[in-house]
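Here's the structure, in C-alpha cells; my notes come after.
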Amino acid sequence: MLLIRCPWCGERPEPEFRHAGEAHIARPADPAAQSDADWAAYLYLRGNPRGWHRERWRHVHGCGRFFNALRHTGTDRFAATYRPDEPRPDIPAA
Amino acid sequence: MTTRFGLLSLAREALRGHRGWAPQWRSPERPQPAYDVVIVGGGGHGLATAYYLAKEHRHVGRIAVLEKGWIGGGNTGRNTTIIRSNYLFPESAALYDHAVRLWDGLSRELDYNVMFSPRGVMMLAHSVHDEQVFRRHVHANRLDGVDNEWLTPAQAKAFCPPLDIACARYPVLGAALQRRGGVARHDAVAWGYARAASALGVDIIQECEVTGIARDPRGGAVTGLETTKGTVRCPRIGVVAAGSTSLLMAMAGLRMPLESFPLQALVSEPVKPVFPCVVMSNTVHAYISQSDKGELVIGAGTDGYNSYSQAGGVQVLSHALEAVCELFPTFRRMRMLRSWGGIVDTTPDRSPIIGTTPVPGLFVNCGWGTGGFKATPGSGHVFAATIATGAPHPIAAPFALERFTTGRLIDEAAAAAVAH
Ligand SMILES: Cc1cc2nc3c(=O)[nH]c(=O)nc-3n(C[C@H](O)[C@H](O)[C@H](O)COP(=O)(O)OP(=O)(O)OC[C@H]3O[C@@H](n4cnc5c(N)ncnc54)[C@H](O)[C@@H]3O)c2cc1C
Ligand SMILES: [Zn+2]
C-alpha cells in the first residue's frame with residue numbers, strides 16, 4: 001500500500017486516493033480544429049513508461065482535490081507531489 | 001526429435017526410470033543473424049502465433065520467438081486460467097468463441113495435454129443491476145450462437161455447493177453460466193505450443209531481450225531488432241509482449257492506447273476436490289476455482305495506478321479474500337500458500353488490439369489486459385494470418401488499432417465491467 005502526500009492534507013494511506021492517469025495532458029484549445037488523429041492522441045494515447053511518471057491523483061476521501069505526482073513506475077517510489085499551480089519538479093538525478 | 005506422447009512411450013519410460021525424456025523444444029543459445037518473421041514475447045500468444053505461422057503459412061519463411069526471460073514466465077504463467085466466450089458484443093463473441101472452439105481439441109492438435117477442462121464458468125449477480133446486465137448478456141450471446149444461461153439462486157447453489165446464496169453481505173440473486181467455459185493448465189499451453197512450433201522449425205530464444213527496433217530511414221519500415229544477444233535483421237516483427245508492449249512500441253516511435261497495471265492472484269494450501277466449477281464475481285472482484293493439484297486458485301483485482309513493479313498492494317488481495325470468505329464460508333479457515341502479480345496491458349475499451357501499425361512491417365497483438373489467457377489459441381491463429389498476409393484476419397479486423405481514431409470502440413468495459 002502506498003503512502004501518498006496530499007499537498008493540502010499531508011501523508012495519507014493509498015485507499016483515501018484515486019489515481020487519475022497521466023498528468024499535463026491539455027484539452028485542445030480549439031476542439032473544432034482537431035483531426036480525428038489529434039482526438040485519438042488526446043483521449044487515448046499514453047506514455048505508459050517504465051520510469052518516472054507525472055500523474056494526477058485525487059484525494060477522494062479527504063479534501064477532494066486533484067494534485068500531481070512524480071512517481072517511478074518500476075519502484076512505485078514518489079519523488080514529489082505538487083499542486084496544479086506549482087511548477088513541475090525535476091526528475092531525480094539517480 | 002520430439003517424442004510422440006502415448007501409452008507406449010509412457011510405459012517404456014516408466015520401465016527405464018524416466019531417464020529417456022529429451023527436452024521438448026529446441027532452445028538455441030543465440031538467434032540467427034536474420035529471420036523472415038520475429039515474434040517478440042514468448043508467452044502463450046507469441047508462441048501460438050509462431051506455431052500457426054509455421055503450420056498454416058509456411059511460405060513466410062524462417063520464424064523466431066525472442067523472449068527476454070523464460071517462455072511462459074509472463075502473464076501466461078501467472079494467470080488464473082479462466083476460459084469463456086460470453087462477451088457482449090458480436091465482435092468479441094466471435095473472437096473469444098473462435099478460441100474456445102480451438103481449446104476443444106488443442107491437446108490432440110499439439111500432442112501435449114493442456115488439461116482443458118470445460119467445467120463451467122458461473123458469474124454471480126449480487127444486485128438488480130447485475131441481474132439485468134447478465135440477462136441481457138445471455139440473450140445477446142444466444143443471438144451470437146454462444147451458449148450462456150441464466151440460473152436461479154437455487155440452481156446456482158446446485159451447480160456449486162460451497163456457495164452461500166443467502167450471504168448477507170453479497171446476496172446471490174442468480175448467475176450466468178457458460179457450460180463450455182472452464183480452465184486449462186497455463187504452463188502446458190506455453191510448453192505445448194513451444195514444442196509444436198519448434199518441431200516445425202521455429203527458433204525459440206530465451207533470455208534474449210529486445211532493446212531496439214531498427215527502421216529504414218526513408219520509408220520507415222522495420223529492418224531488424226537490437227537484442228541483448230546481438231542484432232537480428234528481419235522485415236516483419238510481431239510484438240506480443242502484454243504489459244511491456246508500450247515500451248517496445250516506443251522503440252519504434254509509437255505511443256499506444258495502453259496503460260500497464262499490476263494484477264494479483266493467490267493459491268491456498270491443497271485440499272481434496274471441493275470446488276466443481278469456476279465462479280466469478282465481478283462486483284466484488286473475486287474469482288475462484290480449484291486446480292488439479294487441489295489448491296484453490298483465487299484472482300484479485302488490479303491496483304489503481306499504472307506500474308511495472310509486478311507486486312501489487314496487499315489491500316487488493318485482502319479485498320478479494322474478504323469476498324471469498326463471505327461467499328464461501330467453508331473456506332474461512334483455509335491457509336493461503338503464496339501470492340504473485342503480473343503486469344497487464346489495458347486498453348480504454350478493455351478489448352485487445354490485433355493488427356497492423358502505422359510502421360510498415362510492424363504488427364502488434366496486445367491489450368488483452370486482465371483476460372487474454374482464454375483467447376490464446378484464437379489470438380495466435382488470427383494474428384498469424386494477419387502477419388502472413390499483411391491484412392487483418394476477418395475476426396481480427398474490428399480489433400485494429402485504428403478503432404481509437406475512427407471511434408468504433410468495442411466497449412466491453414462499459415458493457416459488463418467484467419475482468420477475466
Ligand atoms: C494474476 C492474473 C490473473 C489472470 N487471470 C486470467 C484469467 O483467469 N483468464 C484469462 O483469460 N486471462 C487472465 N489473465 C490475463 C492473461 O494472463 C493474459 O492476458 C495473457 O496470458 C497474455 O498472454 P501473452 O502471451 O500476451 O503475455 P505474456 O505471457 O505476459 O507474454 C509476454 C512475454 O513478452 C516478454 N517480453 C516483454 N518484453 C520483452 C522484450 N523487450 N524482449 C523480449 N521479450 C519480452 C515477457 O517476458 C513475456 O514472457 C490474468 C493475468 C494475471 C496477471
Ligand atoms: Zn487532501
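Every number in this text was worked out from the coordinates using simple rules, so none of it is lab data. All of these numbers come straight from a predicted model, not from anything done at the bench. Note: ideal-geometry Cβ built from the backbone for every residue, glycine included; neighbour counts use all protein chains shown.
List of remarks:
- From the largest down, the stretch B:1-146 spans 58, 43, 27 angstrom on the principal axes of its Cα atoms.
- Estimated purely from DSSP H runs of n ≥ 4, each contributing -39500 (n - 2.57), the mean residue ellipticity at 222 nm for chain B is -8500 deg cm²/dmol once divided by its residues.
- Taking chain B and dividing mean pair separation by its residue count, relative contact order in percent (alpha carbons under 8 Å, at least six apart): 22
- Rh (Kirkwood; distinct C-alpha pairs) - the stretch B:131-175, Å: 11.3
- The stretch B:70-226: C-alpha gyration tensor shape, a/c 1.5 cut-off, then a/b vs b/c: prolate
- A quarter of the convex hull surface defined by the alpha-carbon atoms of the stretch B:241-296 gives 5.8 nm² as the mean projection.
- Between B:G43, B:G174, B:G220, the GNM of chain B built on Cα springs shorter than 10 angstrom shows B:G220 fluctuating the most.
- Counted over the protein assembly as shown, the DSSP beta bridges are approximately 80% antiparallel.
- Database remark: amide H of A:C6 closer than 5 angstrom to the amide H of A:E11, A:R12 (H placed geometrically; neighbours at sequence offset of 5 or more, or on other chains; Pro and chain starts carry no H).
- Here the Gaussian network model covers chain B, with springs between Cα atoms less than 10 Å apart; of B:F331, B:F363, B:F373, B:F331 fluctuates the most.
- Ranked A:I25, B:I343, B:I237, criterion: other C-beta atoms within 10 Å, fewest first: A:I25, B:I343, B:I237
- B:A286 long-range amide H proximity, modeled H, under 5 Å: B:S281
- Over the stretch B:344-414, volume per residue of the alpha carbon convex hull, in Å³: 86
- Relative contact order [Cα under 8 Å, 6+ residues apart], the stretch B:260-335, whole percent: 35
- Mean projected area of the Cα convex hull of chain B, taken over all directions, amounts to 20.6 nm².
- In terms of distances greater than 29 angstrom between alpha carbons, the cross-link table entries B:K157/B:K374; B:K55/B:K374; B:K68/B:K272; B:K68/B:K374 yield B:K68/B:K272.
- Computed from backbone phi with θ = phi - 60° and the Karplus coefficients 6.51, -1.76 and 1.60, the 3J(HN,Hα) list for the stretch B:375-380 is 9, 3, x, x, 4, x Hz; x is used for glycine and proline.
- Counting only the Cα atoms, the stretch B:229-323 fills a convex hull of 179 Å³ per residue.
- Whole-number percent relative contact order across chain A, with pairs defined as alpha carbons under 8 Å at least 6 apart: 26
- Cα radius of gyration and Dmax for the protein assembly as shown (Å): 23.4, 78
- Order of B:M123, B:M336, A:M1 under a 10 Å beta carbon neighbour criterion, fewest first: A:M1, B:M336, B:M123
- Among beta bridges that DSSP assigns inside chain B, antiparallel share in %, nearest 5: 70
- With neighbours defined as other Cβ atoms within 10 Å of a residue's Cβ, the residues B:Y308, B:Y87 order from fewest to most as B:Y308, B:Y87.
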